[in-house]
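Nothing in this text is a laboratory measurement; each read-out follows from the coordinates by a stated rule. Computed from a predicted model, the values in this text were never measured in an experiment. Cβ coordinates were reconstructed from backbone atoms using ideal geometry, including for glycine residues, and neighbour counts include every protein chain displayed.
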Amino acid sequence: MSEAVYAVVFRGEVLDGFSKEQVQAAFGRLFKLSAERLDQLFSHPRVVLKNGLTNDEAARYRDALRRIGAVVMVEAPPLARPAPPAASMPGVVKSKGAVAAPAVPLAIQTDAAPAVGQPVAISPPQREHHEAAAGAARIQGDGAPPAAVTARGKDAASAAPRELAFEFRGEGFEFFRIWIVNILLSIVTLGIYSAWAKVRTQRYFYANTQLDGSSFDYLADPLKILKGRLIAFACLVIYSVAGELSVVLGAVMGLLLLVALPWIIVRGLSFRNSNSAWRGVRFGFDGSYGDAAMAFLVWPLLGALTLGILMPLAMHKQQRFIAGNSRYGTSCFQLDVGARPFYMIFLAMLGIGVAAGVLISVLSGLSPVLASAVGAVTYLLLFAFFNVRFTNLVYGNLALGDNHLVSQYELGSYSMLMLVNMLGMLLTLGLFYPWAKVRNARYAAEHMALVACDDLDGFIAARRKEVSSLGGEFADMFDVGLAL
């Protein structure tokens, strides 16, 4: 058994693939810190987050904080002596093999006990080593309840944060059998069965995706999907015929289709969410046509008129629209991130593209084959880089009440996933598709988690009660399923 002399230290650094704003937001959500406290935490050169820990305990704190993007170190402070066990401090809760998360709030050690409601205080660097063990004893000793219990009550303390890992249990060959039957029946029925094929596919992936031991449910009616596809096909035929008959008529139909685009997006998101459920509670979407038109027509148009300068802002507006109007039961999601990280992604991609372009132009005169290979690698790298950074940015800042998602896609492993899938598709003439889709779903599950700060069972029960009071099922509100 190792002695309780280890400390968890934070120096304001973040892991690759995370932005400072993203990690600050995660700290704020997880530990209920004010903006002022967050600025202090990230601007100080060295902060002891927790001390008086055993080596195993310190490692668990370090791993949990790295999951939200913080670079933390485990140190054995000199002159430290064993500290008494912190019996009153909320512990670390594990759930189904997921990485443990430290309890709320995170008590950053200082040379004096923090006041009630102020769990975070920055310790002067010249006294950190000498006060490491004594600080823990003063803050947590004497059996006094921690600040979290005093400020938020016993119920809040009993619901310590839990990091719940997603799990995907599907298999490639199992899905291959569903996929091949779907294709054959769709061909035989001239595409009519494709609506049922979509439902079968969605239900397979939903049912094999689990969170906290419960699978997701896909509840869509294939007939509604078929009606939506028939309407979409009819519109496409009308647009094509109009373009052949008259250029002006084709332009008018194209304009009408553009005006209808926000409505199509809203109805499609509403159909998808309202037919998705977890633990008996459906998701939902409440976006309006006007907001959709701003996000998907006006802002992209402004981006084009400014030669792409406002395009990252347009993407930010679109993601805020989708997340802010989505809900689980009656609780709305929130995307807590500004536009700056979106610009950072585009600037990084621009830098990679320019560097690769210069290299390709130099190599093209020496070896055209090598130049082509560099171009292909660059395309793969840019595609993987965007997906990794975009997924971590959006899902890593998505919150539902006091609960929030954690996304940790990695550029190396994701690039390898894409490369294997692409080679598999090429070598098998497309027959590798079911395995590629299963591999993608498994990768997403393995690199995402939900940090539950609420009593999750009580939260879900409340959502179920609120939804049932609305009367009727959400899906019954729609006659046509625009799930193309």
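Tabulated data for the structure shown
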quantity	calculated
Global geometry of the stretch 228-320, whether rounded, prolate or oblate, following the gyration tensor of its Cα atoms and the 1.5 cut on a/c	oblate
Counted charge near Pro434, where neighbours are those whose Cβ lies closer than 10 Å (Asp, Glu -1; Lys, Arg +1)	+1
Ranked packing of 192-204, 367-379, most packed first, by mean Cβ within 10 Å	192-204, 367-379
Spin-label model distance (nm) - Arg340 vs Trp263, 7 Å beyond Cα toward Cβ	4.1 nm
When the stretch 286-337 is reduced to its Cα atoms, the Kirkwood hydrodynamic radius in Å	11.5 Å
Estimated inter-spin distance, Val252 and Ala59, nm [label 7 Å along Cα→Cβ]	7.3 nm
Subset of Lys227/Lys437; Lys20/Lys198; Lys20/Lys437 violating a 30 Å alpha-carbon distance limit	Lys20/Lys198; Lys20/Lys437
Check: the stretch 222-370 dipole with +1 on Lys, Arg Cβ and -1 on Asp, Glu Cβ, in debye	580 debye
